[in-house]
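**Student:** Can you read through this structure? Questions will come right after.
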Amino acid sequence: MIILGSNSELAQAFVEKTLQERGNVEKIYLFTSNTETTAKFAKHLEVKYLQHSEIIELDLMRNLDTALFDKVDSNLLFCAVGYLGEGTEEGLYDNKNTARIIDVNYAKLVPVINHFAEKMERRRSGTIIVLSSVAGDRGRQSNFIYGSAKAGLTAYLSGLRNYLFDKRVHVLTVKPGFMDTKMTEGLPLNPKLTATPAQAAQHIFNAYKKRRNIAYVLPVWWLIMLIIKNIPEFIFKKLKL
């Protein structure tokens, strides 16, 4: 199993859910920009599941050394890389904020996913699971820089799924809504629309087993975003969302 963004609480919950359901896996590669924090999770896996893992430092804001990926291979890739950044009101004209949001969520992430997708294509097997966001379903004034990057990621995954279908590689796009994680700490989230990492991991694992194409977490977000996407533009542009 290859985990991109292994400090994500959701990624860690998915790893644990997979180990609980499938038992020991051959190897877990934990890609992370914070090796110290990831080392604690790796130790947890070793103690609780007797599962060996390898930590690999990956910082998308630095020049990537593709040699990092040469020895890494698996039939399952889980990508939880993401950066929320400042909202539009605070960070729209902060070019560093804008660039980092676009780079981490899309521009510098896609080549990494491509690398592992190519390996799976050659092998003609595998599953790629990537966290996008409901924010990418329609641009809203509160976070449209982040949303635009996630929209690009969603479109990329749709095309990648189409491209890899006859190569026997499956691509699952996950669209979390509100998540109770450190990335959203301090935000005023509606608890009825907010999933814990464990809840989200269960939904994603079920979608993975059923080979779904798109999975909303929680499922109620599918209805919410259906309504938002279908509001006429002349009305939508006046809303404070």
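The values are calculated or read from the model by the stated rules, or taken from the named source; none is laboratory data. This structure is a prediction, so every number in the text was calculated from the model and none was measured. Using ideal geometry, Cβ is built from the backbone for each residue, glycine included, and neighbour counts are taken over all protein chains shown.
**Student:** Name the residue that is surrounded by the fewest Cβ atoms within 10 Å (Cβ to Cβ), counting only residues in the stretch 119-135 that are part of a helix (DSSP H, G or I) and out of contact with any Gly (no Cβ under 9 Å at 6 or more places or on another chain). Quick ask: steps written out before the conclusion?
**Tutor:** Narrowing the stretch 119-135 to residues part of a helix (DSSP H, G or I): 119-123, 134-135.
Within this subset, residues satisfying the condition of being out of contact with any Gly (no Cβ under 9 Å at 6 or more places or on another chain) are 121-123.
Numbers: Glu121: 15, Arg122: 11, Arg123: 13.
Residue satisfying both the conditions and the ranking: Arg122.
**Student:** Could I ask something else about it? Determine whether Thr194 is surrounded by 13 or more Cβ atoms within 10 Å (Cβ to Cβ) and within 15 Å of the chain's Cα centre (by Cα).
**Tutor:** On the way: surrounded by 13 or more Cβ atoms within 10 Å (Cβ to Cβ): yes; within 15 Å of the chain's Cα centre (by Cα): no.
No, not satisfied.
**Student:** Which residue pairs have Cβ atoms under 8 Å apart, sit 6 or more places apart or on different chains, and have a first residue in the stretch 1-30 that is over 18 Å from Leu109 (Cβ atoms) and touching a residue at least 40 places away in the same chain (Cβ under 8 Å) and a second that is of a type in the set (Gly, Ala, Ser) and surrounded by 21 or more Cβ atoms within 10 Å (Cβ to Cβ)?
**Tutor:** That search, which allows pairs on different chains as well, returns Gln12/Ser6; Ala13/Ala200; Ala13/Ala201; Val15/Ser6; Glu16/Ala201; Lys17/Ala201; Lys27/Ser53.
**Student:** How many residues does the stretch 152-169 hold that are loosely packed, with under 13 Cβ neighbours inside 10 Å and part of a helix (DSSP H, G or I)?
**Tutor:** Qualifying residue count, the stretch 152-169: 4.
**Student:** Which of the residues belonging to the stretch 222-241 are of a type in the set (D, E, K, R), in a helix (DSSP H, G or I) and more than 27 Å from the chain's Cα centre (by Cα)?
**Tutor:** Glu233
**Student:** Please specify each residue of the stretch 17-35 satisfying the condition of being acidic (Asp, Glu) and either at pLDDT 95 or above or part of a loop (DSSP other than H, G, I, E, B) (or both).
**Tutor:** Glu26, the sole residue that qualifies.
**Student:** Looking only at the stretch 136-150, decide whether some residue is surrounded by 14 or more Cβ atoms within 10 Å (Cβ to Cβ) and part of a strand (DSSP E or B).
**Tutor:** Scanning the stretch 136-150, I find no residue that is surrounded by 14 or more Cβ atoms within 10 Å (Cβ to Cβ) and part of a strand (DSSP E or B), so the answer is no.
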